[in-house]
Amino acid sequence: MKIHHEGTNILIMLFIVLAALNIPVWLFLPPWVLPASLSAISLLFYSFVFNFFRCPKRVYHGNSRNLVVSSVDGKVVALERVFEPEFLKSEAILLSVFMSPLNVHANWYPTSGVVEYVAHHSGRFISAYLPKSSTENERSTIGLRCDNGCRITIRQIAGAMARRIVTYAVEGDHATIDEHLGFIKFGSRVDIYLPVDCEILVKMGQTTRGGLTPIARLK
């Protein structure tokens, strides 16, 4: 399992800190029960962080023409018609996927196209599961003109635990469905605003896998 480069420095520093805590305990605090307990807790904590930064290689092998796939691993928590004022400036279908701390947190482009808009907004850090997190939380918005001419909006949203959103998208780039869009650290949500005439392929509460699960088909 590959580790995402966003987590490399964090994992190295965490290993050093945990080693610095555990080695003196083993040397100076007998009996072995206390050192073993601390080591077990340290190993569990390190495994959790290591698991968070895993980055599986994913390639969509089906027919991707006019197809939109999920940007992230998680669960569909919103599916409704709304007005998207930032990039589309029109009504759209909002499809939101919430990521728990146990999910892969790499973000994939949901379809291929040209990046026409990128903006970062400061904000709060309320639970990403709540609807108001879409407009009140720290977030990055990416506007994409798909290869078939349709436009969609992708919004990376920080959560109660997430404190950093990483966005790789640059205006003018041509994105492909197998590329990483970015990374959100420690729990979050991604909103995708789709054309109102698209065919939705998922339902509320369904789990998705980033880069693999079809969520909509564009007209």
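The values are calculated or read from the model by the stated rules, or taken from the named source; none is laboratory data. Computed from a predicted structure; not experimentally measured. With ideal geometry, Cβ positions are generated from the backbone for all residues, glycine too; neighbour counts draw on all protein chains shown. Note: accessible area is taken over every heavy atom of the protein model, side chains too, but ligands, DNA and RNA are not part of it. Shrake-Rupley method; radii C 1.70, N 1.55, O 1.52, S 1.80 Å.
List of remarks:
- Taken over the stretch 63-107, the residue count meeting the criterion of being among the acidic types (D, E), open to solvent by 20 Å² or more (accessible area, probe 1.4 Å) and not in a loop (DSSP other than H, G, I, E, B) is 2.
- Filtered residue count, the stretch 1-15, keeping only those that are out of contact with any Cys (no Cβ under 7 Å at 6 or more places or on another chain), over 15 Å from I41 (Cα atoms) and either open to solvent by 90 Å² or more (accessible area, probe 1.4 Å) or not acidic (D, E) (or both): 9
- Selected residue [exposed (fewer than 12 other Cβ atoms within 10 Å of the Cβ) and out of contact with any strand residue (DSSP E or B) (no Cβ under 8 Å at 6 or more places or on another chain)] from V33, V49: V33
- Test: residue in the stretch 20-29 that is of a type in the set (G, A, S) and in a helix (DSSP H, G or I): yes
- Looking only at the stretch 16-30, and only at residues there that are of a type in the set (A, V, I, L, M, F, W, C) and open to solvent by less than 40 Å² (accessible area, probe 1.4 Å), the one that is nearest to V166 (Cα to Cα): L18
- Yes/no for S42 being among the hydroxyl-bearing types (S, T, Y), in a helix (DSSP H, G or I), at pLDDT 85 or above and crowded, with 17+ Cβ neighbours inside 10 Å: yes
- Filtered by the rule that a residue be aromatic (F, W, Y), assigned to a loop (DSSP other than H, G, I, E, B) and modelled with pLDDT of 90 or more, the stretch 108-154 gives a lone residue, Y109.
- Selection status of R54, out of contact with any Pro (no Cβ under 9 Å at 6 or more places or on another chain), open to solvent by 30 Å² or more (accessible area, probe 1.4 Å) and touching a residue at least 24 places away in the same chain (Cβ under 8 Å): yes
- Contact annotation: residue pairs with Cβ atoms under 8 Å, 6 or more positions apart or on different chains, pairing a residue in the stretch 94-119 that is free of Cβ contacts under 8 Å to residues at least 60 places away in the same chain with a partner that is surrounded by fewer than 24 Cβ atoms within 10 Å (Cβ to Cβ) and aromatic (F, W, Y), are L102/F52; E116/F87; Y117/F87.
- Checked against (1) touching a Gly at 6+ places or on another chain (Cβ under 9 Å); (2) among the hydrophobic types (A, V, I, L, M, F, W, C); (3) at pLDDT 95 or above, L194 passes all but condition (1).
- L181 being aliphatic (A, V, I, L, M) and assigned to a loop (DSSP other than H, G, I, E, B): no
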